[in-house]
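The structure's right below; bear with me while I get my questions together.
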Amino acid sequence: MQVILLKDLAQFVGQEVEVRCWIYNLRSSGKIMFWQLRDGSDFCQAIINADDLSKDKWELAQKASLESSVKIIGVVNKHPKKEEYEILVKDFDFFQIAEEYPISKKDHGIDFLMDNRHLWLRSKKQWAIQRVRNTLIQATYEFMAQNNFIKIDSPILTPSACEGTTDLFSVKYFDETAYLSQSGQLYLEAAIYAHGRVFDFGPTFRAEKSKTRRHLTEFWMMDAEMAFVNLDQNLQTQETLIRFMVKSVLDKNKAELVILERDTKILENILKPFYRITHAEAIKQLQSLGSDVKDGEDLGADDETMLTKQFDNPIFITNYPSRIKAFYMERNAKDNTLAECADLLAPEGYGEIIGGSQREYKYDKLLKSIRDHKLPEKEFEWYLDLCKYGSVPHGGFGFGLERIVAWVCGLEHVRETIPFPRTIYRLRP
Ligand code: 4AD
Ligand code: MG
């Protein structure tokens, strides 16, 4: 007997097969039962007819409950009108008859669902989200390999901050204090001098007390770094990467996007060029929309929402004032008060998905910036060293995977984009 996945049912019409599944819904009418099955790869309906089973098996079938796990032998049947397949059950055995399942069809509050995240992951919508996330991860690796990047695994335990000292998680590290990494960027900068183009992709940590729908304390970042590029080339790489990722989801996750009720029209704009505006223009536009953001200020979460609702494709916001950006950013050649940088904002109110910039690669300027930011000079000696031995113009960026998943799936909050979210209120399950 061939054991098959539900996604492959179409290849076995008329044949007897074995499948191993969970029952996510069931109903019965007289001598027929209908089990809605799920095996991780897809969904289908099984039809259990009393006339096809022994008396004992029919009685056992009555014990089926939501989430019971079952091995089924049956014949694959195609729906006469739709592209749907069902299984006419010849025999079955339970792996386990499940206890009463806490998640029912009635509306549960988000706290209840999050407390039961270990079970909620099985729901159809949550299944679809993780599949989209997986596609975005796979597409990233594929794109980076095709574009001559190699993966460099940056450390998670670090002695100092990359993005700013206010939101670090500290851990006792023998006799000293270590911090969980906010971004692997600085280590990648070291690696470009060996490999030219590198990336990392792993968990990063921010102890921000932010309660917005965009913030997690643990999230997955992909940092990329390239030698010999200017800002325009840096942005071009970001744009083609994001286009490739979204296109992959549109191609590979059609069923998932239907489950998520995602309007894919806007996502299809991804094939067109992204918008580019300067920070100063963004502020003007926000002020005209009624925001009280001042010239030269950073954009708050609400500003990003307001601004990006005006757009139908991602928007690069370039040249933020360097005063509000990280110490390592190079200055704009024409206006020294501006950073040679850009954030990429997703449209439809989603906001920042990428932070990127050119890096200061001249020793004196970098040292001055480290001092101006009052960073511990000693901890940055190795980073300053990079400016001494064959320093080159370079740049890179980092994306937040969960922010991209939220946007592509059309979700209200990033907490559903990661299997087990960590926020200021949640460390469990
Ligand atoms: O803009 P950020 O802070 O940039 C950096 O860390 C750079 N060192 C990256 C680099 O140039 N290599 O963070 C990068 C991205 C943001 O654009 C956002 O998508 C995501 O990481 N991010 C978060 N996602 C979820 N929760 C949080 N608390 C996040 N903070 C940043
Ligand atoms: Mg940022």
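The values are calculated or read from the model by the stated rules, or taken from the named source; none is laboratory data. From a predicted model like this one, the values you see are computed outputs, not experimental measurements. Glycine gets a Cβ as well: all are built from the backbone with ideal geometry, and neighbour counts include every protein chain shown. What goes into the accessible areas is simple: the full protein's heavy atoms, side chains included, and nothing from ligands, DNA or RNA. Shrake-Rupley method; radii C 1.70, N 1.55, O 1.52, S 1.80 Å.
Does residue 189 satisfy being near ligand 1 (Cβ under 10 Å from one of its atoms) and assigned to a loop (DSSP other than H, G, I, E, B)? Reasoning before the result, please.
Details: near ligand 1 (Cβ under 10 Å from one of its atoms): yes; assigned to a loop (DSSP other than H, G, I, E, B): no.
Criteria not met by residue 189.
Can we say residue 249 is in the same structural domain as residue 410 (by TED's automatic domain parsing) and assigned to a helix (DSSP H, G or I)? Spell out how you get there, then give the answer.
Values: in the same structural domain as residue 410 (by TED's automatic domain parsing): yes; assigned to a helix (DSSP H, G or I): yes.
Yes, satisfied.
Please work out which residue is nearest to residue 104 (Cα to Cα), limiting yourself to the stretch 1-51 and to residues that are assigned to a strand (DSSP E or B) and among the charged types (D, E, K, R). Walk me through it before giving the result.
So in the stretch 1-51, the residues assigned to a strand (DSSP E or B) come out as 3, 13, 16-29, 32-38, 43-49.
Next cut, among the charged types (D, E, K, R) only: 16, 18, 20, 27, 38.
Numbers: 16: 32, 18: 28, 20: 22, 27: 14, 38: 16 Å.
The selected residue is 27.
Report whether or not residue 62 is in the same structural domain as residue 399 (by TED's automatic domain parsing) and surrounded by fewer than 15 Cβ atoms within 10 Å (Cβ to Cβ). Lay out the reasoning, then the answer.
Numbers: in the same structural domain as residue 399 (by TED's automatic domain parsing): no; surrounded by fewer than 15 Cβ atoms within 10 Å (Cβ to Cβ): yes.
No: the conditions fail for residue 62.
A further question follows. List every residue pair whose Cβ atoms sit under 6 Å apart, with the two residues 6 or more apart in sequence or on different chains, where the first one lies in the stretch 253-271 and is acidic (Asp, Glu) and the second, anywhere, is open to solvent by 60 Å² or more (accessible area, probe 1.4 Å).
Correct list of pairs: 256/131.
Still on this structure, I have one more. Out of the residues in the stretch 348-366 meeting the condition of being of a type outside the set (Val, Ile, Thr) and within 16 Å of the chain's Cα centre (by Cα), tell me which one is farthest from ligand 2 (Cβ to nearest atom). Quick ask: steps written out before the conclusion?
Residues of the stretch 348-366 of a type outside the set (Val, Ile, Thr): 348-352, 355-366.
Adding the requirement that they be within 16 Å of the chain's Cα centre (by Cα) leaves 350-352, 355.
Details: 350: 14, 351: 10, 352: 6, 355: 3 Å.
Ranking the qualifying residues of the stretch 348-366, first place goes to 350.
Only one of 211, 151, 247 is modelled with pLDDT under 95 and more than 16 Å from ligand 2 (Cβ to nearest atom). Can you tell me which?
Exactly one residue qualifies, and that residue is 211.
Which one of the conditions (1) closer than 29 Å to residue 130 by Cβ; (2) within 16 Å of ligand 2 (Cβ to nearest atom) does residue 235 fail to meet, given that it meets all the rest?
(1)
So if I check each of 342, 346, 301, 333, which one is in the same structural domain as residue 186 (by TED's automatic domain parsing) and at pLDDT below 95? Outline the logic, then answer.
Numbers: 342 fails: at pLDDT below 95; 346 fails: at pLDDT below 95; 333 fails: at pLDDT below 95.
Going through 342, 346, 301, 333 in turn, just one is in the same structural domain as residue 186 (by TED's automatic domain parsing) and at pLDDT below 95: 301.
What tally of residues in the stretch 202-211 results from selecting those that are open to solvent by less than 30 Å² (accessible area, probe 1.4 Å) and either in contact with a Gly (Cβ under 9 Å, 6 or more places away or on another chain) or within 6 Å of ligand 1 (Cβ to nearest atom) (or both)?
The qualifying residues number 2.
I'd like to check something: does the stretch 164-181 contain any residue that is within 16 Å of ligand 2 (Cβ to nearest atom), of a type outside the set (Ser, Thr, Tyr) and on the phi > 0 side of the Ramachandran plot?
Looking for residues that are within 16 Å of ligand 2 (Cβ to nearest atom), of a type outside the set (Ser, Thr, Tyr) and on the phi > 0 side of the Ramachandran plot, one finds at least one in the stretch 164-181, hence yes.
Scan the stretch 370-390 residue by residue and report those that are in contact (Cβ under 8 Å) with a residue 24 or more places away in the chain and under 34 Å from the mean Cα position of the chain (by Cα). Walk me through how you get there before you give the answer.
Just the residues of the stretch 370-390 that are in contact (Cβ under 8 Å) with a residue 24 or more places away in the chain, to begin with: 370, 372-373, 375-376, 379-380, 382-383, 386-390.
Once the filter is applied, which keeps residues that are in contact (Cβ under 8 Å) with a residue 24 or more places away in the chain and under 34 Å from the mean Cα position of the chain (by Cα), the stretch 370-390 yields 370, 373, 375, 376, 379, 380, 382, 383, 386, 387.
With the structure loaded, tell me whether residue 214 is surrounded by fewer than 21 Cβ atoms within 10 Å (Cβ to Cβ) and in a loop (DSSP other than H, G, I, E, B) or whether it fails that test. Even if it seems obvious, please write down each step before you answer.
Details: surrounded by fewer than 21 Cβ atoms within 10 Å (Cβ to Cβ): yes; in a loop (DSSP other than H, G, I, E, B): yes.
Against the criterion (surrounded by fewer than 21 Cβ atoms within 10 Å (Cβ to Cβ) and in a loop (DSSP other than H, G, I, E, B)), residue 214 qualifies.
Further question: Does residue 164 qualify as being among the small types (Gly, Ala, Ser), open to solvent by less than 10 Å² (accessible area, probe 1.4 Å) and within 12 Å of ligand 1 (Cβ to nearest atom)? Give the steps one after another, and end with the answer.
Numbers: among the small types (Gly, Ala, Ser): yes; open to solvent by less than 10 Å² (accessible area, probe 1.4 Å): no; within 12 Å of ligand 1 (Cβ to nearest atom): yes.
Judged against the criteria, residue 164 is not a match.
Could you say whether any residue in the stretch 130-137 is among the β-branched types (Val, Ile, Thr), assigned by TED's automatic domain parsing to the domain that holds residue 252 and open to solvent by less than 40 Å² (accessible area, probe 1.4 Å)? Spell out the reasoning first.
Applying the first criterion (among the β-branched types (Val, Ile, Thr)) to the stretch 130-137 yields 132, 135, 137.
Narrowing further to those that are assigned by TED's automatic domain parsing to the domain that holds residue 252: 132, 135, 137.
When the remaining residues are screened for being open to solvent by less than 40 Å² (accessible area, probe 1.4 Å), the result is 132, 135.
Yes, the conditions are met somewhere in the stretch 130-137.
Quick one: in the stretch 318-361, of everything that is among the aliphatic types (A, V, I, L, M) and either open to solvent by 40 Å² or more (accessible area, probe 1.4 Å) or within 16 Å of residue 236 (Cβ to Cβ) (or both), which residue is farthest from ligand 1 (Cβ to nearest atom)?
Here is the first cut: in the stretch 318-361, the ones among the aliphatic types (A, V, I, L, M) are 324, 326, 329, 333, 338-339, 342, 344-346, 353-354.
Okay, now just the ones that are also either open to solvent by 40 Å² or more (accessible area, probe 1.4 Å) or within 16 Å of residue 236 (Cβ to Cβ) (or both), so 324, 333, 338, 342, 344, 354.
On the way: 324: 12, 333: 20, 338: 17, 342: 10, 344: 7, 354: 5 Å.
Out of the qualifying residues, it is 333.
Right, something else. Looking only at the stretch 58-70, count how many residues are out of contact with any helix residue (DSSP H, G or I) (no Cβ under 9 Å at 6 or more places or on another chain) and outside any loop (DSSP other than H, G, I, E, B). Quick ask: steps written out before the conclusion?
As a first pass, look at the stretch 58-70 and keep what is out of contact with any helix residue (DSSP H, G or I) (no Cβ under 9 Å at 6 or more places or on another chain): 59-60, 62-66, 68-70.
Cutting the leftovers down to outside any loop (DSSP other than H, G, I, E, B) gives us 59-60, 69-70.
So the answer is 4.
Name the pairs whose Cβ atoms lie under 7 Å apart, with the first residue in the stretch 391-407 and away from ligand 2 (no atom under 15 Å from the Cβ), the second assigned to a strand (DSSP E or B) and at pLDDT below 95, and 6 or more positions between them or separate chains?
Partner pairs satisfying both residue conditions: none exist.
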